[in-house]
Each structure stands twice: as structure tokens, then as C-alpha cells.
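Below is one structure; the comments refer to it alone.
The values are calculated or read from the model by the stated rules, or taken from the named source; none is laboratory data. Please read all numbers here as calculations on a predicted model, not as lab measurements. Quick reminder, even Gly has a Cβ in these numbers, built from the backbone with ideal geometry, and neighbours come from all protein chains shown.
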Amino acid sequence: MRSASPRAAALAGVICAPLLTHAFPARAGAARAALSVSMQVTAGTEPGVNLVTVLVRSQPGATCSLRVSVARRAVSHMSRVVGASGGARWEWAAPARAAPGPWTLLATCRAGGFWAWHRSIFEMGFPRRGGALVGLPGESAAVVGVGAQSCDSQYVCFTGDPFPVGQCTWYAQGRRPDLLAIVHGDAWEWLGAARGHVPEGSRPQAGAIAVWMPGRGPAGPLGHVAYVAAVSGPTVLLDDSNWRPTASSSGLQVHEHWLPASSPSGYIYGGPAGGGP
């Protein structure tokens, strides 16, 4: 997985897939309103939960409600008034192993006798359970952030990530922005680059970066890096890109899978992994 030299700060990306937006007058005979609604969804993962934030943008002063439907269940969140910045925000923690199936998020806003709605559809997790919210294939991506954005075909996006999109180094750097300007080069070089700058070792820790040297296990000639999402006994749950294809996705997409904790050549701690075990 060939990579470029880091140059800018990396922040967690925004994952969003807008589907439909419409505006209608709330009373008969009224003229069509210039009321728009858009939605930005951020799903940052931590061990055991998905931290979901929904930001709905509309006219300041509009009253917006949010309805979330998944697995034949619907939850309506308290209505909020759009502030002067033009946004209303909802935040909650969802189980990492949530019910399978698509999420439908419906935002409805009302202002000046008119109403408008915006609907987005997401999948919980990557091709396997857990992980972040990912827009369904075929939907357009709406990304809002600071600095240059890089997004893959699943609408997994990072800001300021200098590595080639879709490579394992790109995804690992995006999940661990604290390693910017520390790690560099191909995946197999990361352990050596981290030595003396951040803690590293041989025992797994949630939030660490797992590193494979070339030819170790299923790693290719350039090695491999992955984000450790969870540790369970002798196995680790890994989030990574460009590992191997599945029946429903290509190799350059993000995957989540369990492997023996002894499979990687070593682990890089720091960030959410702290100083390691």
C-alpha cells in the first residue's frame, strides 16, 4: 500500500448520503417557499458504541424534528430550533452491534407557514457488523469540513489525510490523526517510524494501530496497517481498508473483521490506545 508524506493535520471525517429534499407550503393557496433542508451525519466509533451526530441545516428560526427508523422501529427526537448559525444538532450513542438493516433519517423543518423535509439512508457499519454509518452505494455524498477532504466509494471521508484514498495507510491515518508527521511511507515502515515517538509493543489495545510486516500472514509486499476497534481474548476486531475483498465489496473498501491478536507484527499505541497494555 504505497503512501505519501503527511503534510497537514487530519480530523475525523463526515459520512453523509443525502437522498431527497422537498419543500411545500403548509396551507392551501400559499406560494412555494424557498425553504431548504440539508443533513450532515458524523459517526465516530469507540469500543462498544457508535457516537452519532446529526446536524440539520435550514433557515435560522425554523423548527426541525428528526425521526430515525431502523429494523421496523422508529424513534422521534425532540424538535429543535435552528440557531443563528443555521443548524440544529442531535447527538446520541448507538450500540456497536445494532440491529442490521438500513437506517432512515428524516428531518422535517417548518418556518413561516412552510415546511420542508430531507431524507438520508445509511447502513450501520461496514460490510460486517460494527463501525461507523456508511451511505448506501449509489447515493451522492455531501461532505462539510475544514481543509481538503478525501472520500472513498463508501463515503468514508477524512480531512487533511495525505495518504492515497482507499489504501490501508489512508484509513489508519484517518482513524489516528495524532500520528500525522510521525508515521510515513509504506505500511511496513510504520513500526520503525513510531519507535521513540509514541509507545509501541506486541500486545493488542483498543484504539491502537496494528502493523504487519511484508509476507506476514496475509499481508502483501508493502505490509498492512489496521485500526483495532476492540479486543476479545486472543482475537482483535480490526477496521481497515485494502485488506481483501468480500462477497459484497472490493478490496479497496473499508472492512471489519476478527483476527488472532498474534497475527500483526506489532501495535502502535498513543491516542485512544494510551500508553498500551
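Quick notes
- Pairs, first modelled with pLDDT under 95 in the stretch 186-197, second of a type in the set (Lys, Arg), C-beta under 8 Å, six or more apart: ASP186/ARG2
- Note on the stretch 248-258: residues that are surrounded by fewer than 20 Cβ atoms within 10 Å (Cβ to Cβ) and either modelled with pLDDT of 80 or more or not assigned by TED's automatic domain parsing to the domain that holds ARG203 (or both) amount to 2.
- Residue that is nearest to the chain's Cα centre (by Cα), among those in the stretch 209-239 that are free of Cβ contacts under 8 Å to residues at least 40 places away in the same chain and closer than 23 Å to HIS184 by Cβ: LEU238
- Residue among ALA226, ALA219, ALA210, ALA230 that is of a type in the set (Gly, Ala, Ser) and either within 17 Å of VAL156 (Cβ to Cβ) or touching a Lys or Arg at 6+ places or on another chain (Cβ under 9 Å) (or both): ALA226
- All strands (runs of 3 or more DSSP E) inside the stretch 1-93 with 3 or more residues being modelled with pLDDT of 75 or more, out of contact with any helix residue (DSSP H, G or I) (no Cβ under 6 Å at 6 or more places or on another chain) and over 30 Å from VAL211 (Cα atoms): 38-46, 49-57, 63-70, 73-81
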